[in-house]
Amino acid sequence: MKNKIFFLLAMLSCLIVGCKDEDIRYSIERPDDTMHLQVSNEYVELNQKFGKEEAVTFSWNEVTNAPLDSKVTYYFKLDIADNDFGTSIDKMRIPAGEHSVSFTHKKMNALLTKWKIEPGERVTLEAEIIAEIEETDCYVKPELSTVRFDAVGYEIQPYDIYVMGTALEGATDPANALKMTEEISEEVYTWYGVMKEGDYKFILNTTGQSPSYTQGADGSVVFNEHETGNETPFTINKAGFYVLKLNIEAGTLNADYPTTDYNDVWMVGEATPAGWNIMSSTKLTKDPVNQVAFYYEGLLKTGDMKFPLELKEDWNVAWLMPIENGTHEFGDNRMERIEAGIQGHDYKWNITKEGNYRVTLNMYTMTIDFKLLQSIPDDLPCKEIWMLGDATPAGWEQGKEAFVYDFNVDKGTFYWEGELKAGSFKCPINVDGSWAITCYMPKQAGEDGKASLNMTDVQLVQPNGNDYQWKVEESEAGQYRVELNVLTNKIKFEKKN
């Protein structure tokens, strides 16, 4: 009889705790709250300035009504109050042995934004800790504990970060530091440009070198509230174009050195020395420092231009063009590649002001930069001069060997630098493929129409006039700087070797 009583008592005990049968589980009463969830502050005013600091902490006691030898796992939830946790954060599993969880100002503000709470609006939130009891013979309903508190968020303001150091031209002091682009608010920042051998670091204002982000012992990014003199800057060991990506949340920095598949770029159009003669297109120079850039430095006239990537008589080549037709030199700096044989657009840049330019094409960012060095004075007899003749590298091909206006010497002076071979040349001021050209020529010449390099007086001769030329003797061949002043009508030949 005694054994039967013990058996009935055991059965009743299991019914009170609950069997693992799903049909019975939800009729069991929830255990009393023995965890007593608490919040560090009943009112939390969030502040962007303290973004990484803890704004609120939740703590609880260890559950006390779990059966012996059972396993207890804690889960945390957070939502707007009276919402039955319908829009809660994902249920957080709490690591074993821990009985608290914290949120930073930045994280809490992000949650308020997610819940569409306006900045400055006070809202009541509710947190819940769940104790799931496992590894028991009978099912035990999870224990719950909740707590409420109020919070007010902030409107996110730009969080500026600058890069400075000896690796950046002109940015060795905070006042001239370069502002980075904030890709993800208070997290990811980027900057790209040419860097030289040297060091650099990241600062938060342009009035001092702290706070700052510098290099940690393992190459990571560390934050320095104050300058101690022991910070380790980042370094550049090879000059070139770099793309910096700083993640202050993860504490990482990527300094990428991109390359380009472009080998040659030319320019053609009425604004260029070549006009619309594609086979005489002016070739751009590969930048010796910026590995993804090409540049041209010299005269641009008013008119249209574009950039072929190879030269063919039928013009069926790939091009670099603006994204809008007629973009002027100081307009939208974006460009795009139009492949050969594709029915694409035929957009062109339009140069509105004649002058000496440095034109730089960045093949990584696919951007173009026109920098007007100086405008050629309007009161000169001409603004363009070329070398033409078999003594020059281009021979009798028009529009290939242009003079450059020299702003650093006497007004009206143009110069050309290059190799002069045995032969003759003259200096046209217009090239259009025809031979009806106006040229600067020697003022006097021999019976054969040739003058020596000692003849420094020049004259401007219209088409069908005398065809005088300078003659370069075999013994005179070499590298020269030729200066021609169109106001004094003088030419100067300076041999370099």
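Any chance the stretch 153-163 includes a residue that's closer than 24 Å to Asn237 by Cα, touching a residue at least 40 places away in the same chain (Cβ under 8 Å) and not in a loop (DSSP other than H, G, I, E, B)? Checked the stretch 153-163: at least one residue is closer than 24 Å to Asn237 by Cα, touching a residue at least 40 places away in the same chain (Cβ under 8 Å) and not in a loop (DSSP other than H, G, I, E, B).
Taking the stretch 105-135, which residues are outside any helix (DSSP H, G or I) and either farther than 29 Å from Arg30 by Cβ or hydroxyl-bearing (Ser, Thr, Tyr) (or both)? Across the stretch 105-135, the qualifying residues are Lys116, Ile117, Glu118, Pro119, Gly120, Glu121, Arg122, Thr124.
For Lys114, the conditions (1) touching a residue at least 40 places away in the same chain (Cβ under 8 Å); (2) under 30 Å from Glu225 (Cβ atoms); (3) of a type in the set (Lys, Arg); (4) exposed (fewer than 14 other Cβ atoms within 10 Å of the Cβ) are fulfilled apart from (1). On inspection, Gly216 fails the criterion of being in contact (Cβ under 8 Å) with a residue 24 or more places away in the chain and either within 15 Å of Gly165 (Cβ to Cβ) or surrounded by 15 or more Cβ atoms within 10 Å (Cβ to Cβ) (or both).
Taken together, the criteria place Thr360 among residues that are surrounded by fewer than 20 Cβ atoms within 10 Å (Cβ to Cβ), closer than 21 Å to Lys283 by Cβ, modelled with pLDDT of 90 or more and in contact with a Phe, Trp or Tyr (Cβ under 6 Å, 6 or more places away or on another chain).
For the stretch 53-60, the criterion of a residue being farther than 29 Å from Ile248 by Cα and in contact (Cβ under 8 Å) with a residue 24 or more places away in the chain is satisfied by at least one position.
Taking the stretch 286-303 as the range and being more than 16 Å from Asn356 (Cα to Cα) and assigned to a strand (DSSP E or B) as the test, the residues that pass are Lys286, Ala293, Phe294.
Reported count of residues in the stretch 163-199, each being closer than 22 Å to Tyr364 by Cβ and of a type outside the set (Gly, Ala, Ser), is 19.
Within the stretch 219-242, the set of residues being surrounded by 14 or more Cβ atoms within 10 Å (Cβ to Cβ) and under 30 Å from Phe294 (Cβ atoms) comprises Phe234, Thr235, Ile236, Ala239, Gly240, Phe241, Tyr242. From the list Met267, Met321, Met335, Met279, the lone residue that is assigned to a strand (DSSP E or B), in contact (Cβ under 8 Å) with a residue 24 or more places away in the chain and in contact with an Asp or Glu (Cβ under 9 Å, 6 or more places away or on another chain) is Met321.
Checked against the criteria, Pro308 does not count as surrounded by 13 or more Cβ atoms within 10 Å (Cβ to Cβ), under 21 Å from the mean Cα position of the chain (by Cα) and in contact (Cβ under 8 Å) with a residue 12 or more places away in the chain. None of Glu121, Glu132 is acidic (Asp, Glu), at pLDDT 95 or above and touching a strand residue (DSSP E or B) at 6+ places or on another chain (Cβ under 9 Å) except Glu121.
Filtered by the rule that a residue be in contact with a Ser or Thr (Cβ under 8 Å, 6 or more places away or on another chain), modelled with pLDDT of 95 or more, under 18 Å from Lys106 (Cα atoms) and not in a strand (DSSP E or B), the stretch 30-85 gives a lone residue, Ser40.
The set of residues in the stretch 157-192 being among the small types (Gly, Ala, Ser), surrounded by fewer than 18 Cβ atoms within 10 Å (Cβ to Cβ) and either in contact with a strand residue (DSSP E or B) (Cβ under 7 Å, 6 or more places away or on another chain) or at positive phi (or both) consists of Gly170 alone.
The values are calculated or read from the model by the stated rules, or taken from the named source; none is laboratory data. Model, not experiment: these values are computed from the prediction. All Cβ positions, even for glycine, are placed from backbone atoms using ideal geometry, and neighbour counts span all protein chains on display.
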